[in-house]
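Novice: If you scroll down you'll find the structure; I have some questions about it.
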Amino acid sequence: MPILDVGDIAAIRALNTATPMPVHPADRDVRTSERTVPGPEGAPEVGMRVYRPGEDLVNRPAVVYFHPGLTFGTLEMDHARCMRFASGAGCVVASVDYRLAPEHPYPAGVEDCYAALCWVAANAKELGADPGRIAVAGCSTGATLAAAVALMARDRGGPELAFQLLIQPAVDDRLDTPSMAEFAEPGPCEAGRAGSAHTWRYYLAGAEAGPYAAPARAGSLRGLPPAYVSTAERDCLRDEGIAYALRLMREGVPVELHHFPGTFHAFDLVVRTAAISQRAVEEQIAVLARALAPRRSGR
């Protein structure tokens, strides 16, 4: 596997496009469809792939999912994960094809993601989903977008989210944690410090890194939906993910934090046959199913 060089956008986009995404046998009943939905005001429509778990689609929970990248990545990147979420947790999954930097720098991508969330909430019944049981989710820089969209929904009086699933999140552009120094060199799935700096530079394009770009900069995290945060030991993003989870806890947000020892960034995406990868994905499915279960009457 080649070293991850996010500074060479053309090369990493080509690598990402060429990577096959096998489908789990249990996901064969999941139906997918492609569609476009209204984008932010004055912006193009937003692409979306919708995953429907079987035929019985009435009041299912919904997950609005954001793939990793910010400067690279496609809907194919986490296609297998979205299939697993749909089949395993019984969710309608809407995977968002947001605009990428540097061609479309911040806030284009995150505004696309927020517009997609608003469309899903407004059209939940058309999708067979329950508008009261919607989560946002993402891995790596996809989790950057998920955390930012949760903040936007809170601050703008947008859709009321039931949950946020943040898998190995990148939430801080300052890159000053001990893990960022310890794992500064890039690896097969690890951008390292220089690569992370490239990503933030391309994404921000000189704009100020406010909370909707780097959620760790938010003045307050109170009032956000419950969260699950996972981190990997040998990951430069490890410490900022842990710090974000702890801050959520301190500010009154229910949080489940799971740190996976001995793992590297995106281990659950690229080494699917490993026992720990399978366990991580099964846990993500179980967490979604539990967090988005129908509310009992009288509670």
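The values are calculated or read from the model by the stated rules, or taken from the named source; none is laboratory data. Just so we're clear, the structure is a prediction, and the values are computed from it rather than from any experiment. Please note: Cβ atoms are built from the backbone with ideal geometry, for glycine as well, and neighbour counts cover all protein chains shown.
Novice: In the range 269-299, which residue that is among the charged types (D, E, K, R) and at pLDDT below 90 is surrounded by the fewest Cβ atoms within 10 Å (Cβ to Cβ)?
Specialist: In this case the residue turns out to be Arg299.
Novice: Moving on to the next point. Within the range 42-99, how many residues turn out to be more than 28 Å from His198 (Cβ to Cβ) and either among the polar types (S, T, N, Q) or in a loop (DSSP other than H, G, I, E, B) (or both)?
Specialist: 11
Matching residues to (1) touching a Leu at 6+ places or on another chain (Cβ under 6 Å); (2) outside any helix (DSSP H, G or I):
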{"site": "Arg201", "(1), (2)": "no, no"}
{"site": "Gly206", "(1), (2)": "no, yes"}
{"site": "Arg222", "(1), (2)": "no, yes"}
{"site": "Tyr228", "(1), (2)": "yes, yes"}
{"site": "Cys236", "(1), (2)": "no, yes"}
{"site": "Ala245", "(1), (2)": "yes, no"}
{"site": "Glu256", "(1), (2)": "no, yes"}
{"site": "Pro261", "(1), (2)": "no, yes"}
{"site": "Ser277", "(1), (2)": "no, no"}
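Novice: Can you name the residue in the range 38-83 that is touching a Ser or Thr at 6+ places or on another chain (Cβ under 8 Å) and of a type in the set (D, E, K, R) and is also surrounded by the most Cβ atoms within 10 Å (Cβ to Cβ) among such residues?
Specialist: Per the criteria, the residue is Asp78.
Novice: Okay, moving on. Collect the residues in the range 196-247 that are under 20 Å from His265 (Cβ atoms), in contact with an Asp or Glu (Cβ under 6 Å, 6 or more places away or on another chain) and among the aliphatic types (A, V, I, L, M), keeping them in residue-number order.
Specialist: Hits for the range 196-247 are Ala214, Ala216.
Novice: Could you tell me which residue of the range 124-139 is surrounded by the most Cβ atoms within 10 Å (Cβ to Cβ), considering only residues that are of a type in the set (A, V, I, L, M, F, W, C) and under 17 Å from the mean Cα position of the chain (by Cα)? Spell out the reasoning first.
Specialist: Within the range 124-139, the subset of a type in the set (A, V, I, L, M, F, W, C) is 124, 127, 129, 134-137, 139.
Now drop any that are not under 17 Å from the mean Cα position of the chain (by Cα), which leaves 134-137, 139.
Values: Ile134: 26, Ala135: 28, Val136: 33, Ala137: 28, Cys139: 27.
Out of the qualifying residues, it is Val136.
Novice: If you scan the range 208-220, which residues turn out to be surrounded by 20 or more Cβ atoms within 10 Å (Cβ to Cβ), not aliphatic (A, V, I, L, M) and not in a loop (DSSP other than H, G, I, E, B)?
Specialist: Correct list: Pro215 only.
Novice: Sort through Glu240, Glu251, Glu233 and tell me the only one that's acidic (Asp, Glu) and crowded, with 16+ Cβ neighbours inside 10 Å.
Specialist: Just one listed residue meets the conditions, Glu240.
To keep it simple, each residue is scored yes or no on (1) of a type outside the set (A, V, I, L, M, F, W, C); (2) out of contact with any Phe, Trp or Tyr (no Cβ under 9 Å at 6 or more places or on another chain).
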{"residue": "His67", "(1), (2)": "yes, no"}
{"residue": "Gly88", "(1), (2)": "yes, yes"}
{"residue": "Ala101", "(1), (2)": "no, no"}
{"residue": "Ala124", "(1), (2)": "no, yes"}
{"residue": "Gly138", "(1), (2)": "yes, no"}
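Novice: Let me ask something additional. Check Val58, Val37 and return the single one that is within 21 Å of the chain's Cα centre (by Cα), modelled with pLDDT of 75 or more and not small (Gly, Ala, Ser).
Specialist: Val37
Novice: Restricting the first residue to the range 65-80 and requiring it to be modelled with pLDDT of 90 or more, which pairs with a second residue that is in a loop (DSSP other than H, G, I, E, B) and of a type in the set (Lys, Arg) meet a Cβ separation below 9 Å and a spacing of at least six or different chains?
Specialist: Ala80/Arg272
Novice: If you go through the range 100-126, how many residues are under 13 Å from Pro44 (Cα atoms), assigned to a loop (DSSP other than H, G, I, E, B) and of a type in the set (Asp, Glu)?
Specialist: Result for the range 100-126: 0.
Novice: Among the numbered criteria (1) over 29 Å from Gly132 (Cβ atoms); (2) of a type outside the set (Lys, Arg); (3) free of Cβ contacts under 8 Å to residues at least 60 places away in the same chain; (4) surrounded by 19 or more Cβ atoms within 10 Å (Cβ to Cβ), which single criterion is violated by His259?
Specialist: Unmet condition: (4).
Novice: Right, another one. Spot the failing condition for Val171; the list is (1) modelled with pLDDT of 95 or more; (2) assigned to a helix (DSSP H, G or I), and only one is missed.
Specialist: Going through (1) modelled with pLDDT of 95 or more; (2) assigned to a helix (DSSP H, G or I) one by one, Val171 breaks only (2).
Novice: Among the listed residues Ala153, Ala121, which satisfies the condition of being under 17 Å from the mean Cα position of the chain (by Cα), farther than 23 Å from Ser277 by Cα and free of Cβ contacts under 8 Å to residues at least 40 places away in the same chain?
Specialist: When all the criteria are applied, what remains is Ala153.
Novice: If you go through the range 38-64 one residue at a time, how many are small (Gly, Ala, Ser) and either in contact (Cβ under 8 Å) with a residue 60 or more places away in the chain or in contact with a His (Cβ under 6 Å, 6 or more places away or on another chain) (or both)? Break it down into steps so the answer makes sense when it comes.
Specialist: Start the filter on the range 38-64 by keeping residues that are small (Gly, Ala, Ser), which leaves 39, 42-43, 47, 54, 62.
Filter again for either in contact (Cβ under 8 Å) with a residue 60 or more places away in the chain or in contact with a His (Cβ under 6 Å, 6 or more places away or on another chain) (or both), leaving 39, 43, 62.
The total comes to 3.
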